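Step one of this worksheet: look at the structure below.
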Amino acid sequence: MATNFSQSQGMLKCNHCPECLGFGCIGELPGLGGVFQNKNFQLNCQAWKDLQNLANQNNTISQIKNIQVLPSMVRCGPVTGAQENIGYNNEEDFYFPYLNNAAKNNIGICVGDGYPDHKLHYGVNAMKKIATQFPQKKAAFFLKPYPQEKLFQRIDLVLPHAEYIGIDIDSYNIVTMRNLVNLEQKTAEQLLQIKNKINVPFVIKGVFTQKDLELVQKVQPDVVYISNHGGRVETEIGSSANFLVKNAQLLKNYCKEIWIDGGIRSKLDIQTAIFYGASQVIMARPFIHATFNNTDYSSLFN
């Protein structure tokens, strides 16, 4: 059941569970839920708790809790679809508050791509506005896997504001975009074309399968971003946390950094991800709630 926080702002598509673990929004997509009856959404959240329970058993929990968490280790996720998925009355109203809250707290910024094209423009415009207050602040832009010609046009648009540029390799499986746009399953050769075109670090986002691992080995991006889109794409069943634990050492042979999202809700979750090999963690749903409720991001990982 959505709750009306501000009639002019919209109605947040959320059931306000005591913990955001994927049980209250089953079947709510469009919305903040996921596919497969929220199966991967739930597994993402539970896996961090399982790893922490294991750490308690093998006496490594103190090592995890002693990891220093800096704002630079955290990023807000690349989110679009503020009307259909979050509940804003106006799509554009979401982007600046969401990204600026990250900028104010020294948290890294991710900007997403979406359909129609104005969603990407809203993200770019928000970064332009943020740059008037924080001139050095740039973002990691994650572009959908459009055909190459259209992708290169998007790269030209975002490059002046980009700290990183990444391709959302699995987003052709996003249910809410299916049949709306022409997205491709990118080959290694296509990704290398993009990597070689840009002068900022290149990210492959959505790494979650054996096939993705093979792609990483061929492309050798600067950053591998492990993700199943918070359980919102049709992919293999499993959690991003377990994928990290299983594959971090292999991935480090082919990239400089590993980023991860999926079910990260607390400082301890962040510390656990870093302990198992992540350089940065990305959070979306908690920051979406904070933005809608006009609360500060920093309290979420203190």
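Some observations on this one:
- Some residue of region 27-47 being aliphatic (A, V, I, L, M) and farther than 26 Å from F141 by Cβ: yes
- Exclusive hit being of a type in the set (S, T, N, Q), over 21 Å from T176 (Cβ atoms), touching a residue at least 12 places away in the same chain (Cβ under 8 Å) and in a helix (DSSP H, G or I), set S62, S72: S72
- Residue in region 31-47 that is outside any helix (DSSP H, G or I), closer than 21 Å to Q271 by Cα and touching a residue at least 40 places away in the same chain (Cβ under 8 Å) present: no
- Which numbered condition K186 misses (of (1) at positive phi; (2) open to solvent by less than 30 Å² (accessible area, probe 1.4 Å); (3) not aromatic (F, W, Y)): (1)
- For region 204-216, the criterion of being in contact with a helix residue (DSSP H, G or I) (Cβ under 6 Å, 6 or more places away or on another chain), open to solvent by 20 Å² or more (accessible area, probe 1.4 Å) and of a type in the set (A, V, I, L, M) is met by at least one residue.
- Qualifying residue in region 222-229 (condition: open to solvent by 20 Å² or more (accessible area, probe 1.4 Å), over 30 Å from I288 (Cβ atoms) and either of a type outside the set (S, T, Y) or not in a helix (DSSP H, G or I) (or both)): no
- Residue identified as under 24 Å from S62 (Cβ atoms) and open to solvent by 20 Å² or more (accessible area, probe 1.4 Å) among R232, R285, R265: R265
- T132 part of a helix (DSSP H, G or I), open to solvent by 60 Å² or more (accessible area, probe 1.4 Å) and either polar (S, T, N, Q) or closer than 30 Å to G27 by Cα (or both): yes
- Set side by side, the residues F36, F96, F23 differ, and just one is more than 15 Å from the chain's Cα centre (by Cα), closer than 20 Å to T295 by Cα, open to solvent by 40 Å² or more (accessible area, probe 1.4 Å) and of a type in the set (F, W, Y), which is F96.
- Hits in region 75-93 (condition: in a helix (DSSP H, G or I) and open to solvent by 20 Å² or more (accessible area, probe 1.4 Å)): Q83, E84, E92, D93
- Residue match in region 244-251 (condition: of a type outside the set (D, E) and part of a strand (DSSP E or B)): no
- Considering residues of region 252-262 that are out of contact with any Asp or Glu (no Cβ under 9 Å at 6 or more places or on another chain) and outside any loop (DSSP other than H, G, I, E, B) only, the residue surrounded by the fewest Cβ atoms within 10 Å (Cβ to Cβ): I258
- The residue that is modelled with the highest pLDDT, among those in region 284-301 that are hydroxyl-bearing (S, T, Y) and part of a helix (DSSP H, G or I), is T291.
- Exclusive hit being in contact (Cβ under 8 Å) with a residue 40 or more places away in the chain, among the basic types (K, R) and in contact with a strand residue (DSSP E or B) (Cβ under 9 Å, 6 or more places away or on another chain), set K252, K256, K267: K256
- Verdict on I167 being in a helix (DSSP H, G or I) and either touching a strand residue (DSSP E or B) at 6+ places or on another chain (Cβ under 9 Å) or within 15 Å of C110 (Cα to Cα) (or both): no
- Assessment of region 71-87 against the conditions (closer than 15 Å to F275 by Cβ and either acidic (D, E) or touching a Lys or Arg at 6+ places or on another chain (Cβ under 9 Å) (or both)) yields no matching residue.
- Those residues of region 111-129 which are open to solvent by less than 70 Å² (accessible area, probe 1.4 Å) and of a type in the set (K, R), in sequence order: K119
The values are calculated or read from the model by the stated rules, or taken from the named source; none is laboratory data. Note that the structure is a prediction, hence the values are computed from the model and not measured. So basically every Cβ, Gly included, is an ideal-geometry build from the backbone, and we count neighbours across all protein chains shown. The accessibility values were calculated without ligands, DNA or RNA, using every heavy atom of the protein model including side chains. Shrake-Rupley method; radii C 1.70, N 1.55, O 1.52, S 1.80 Å.
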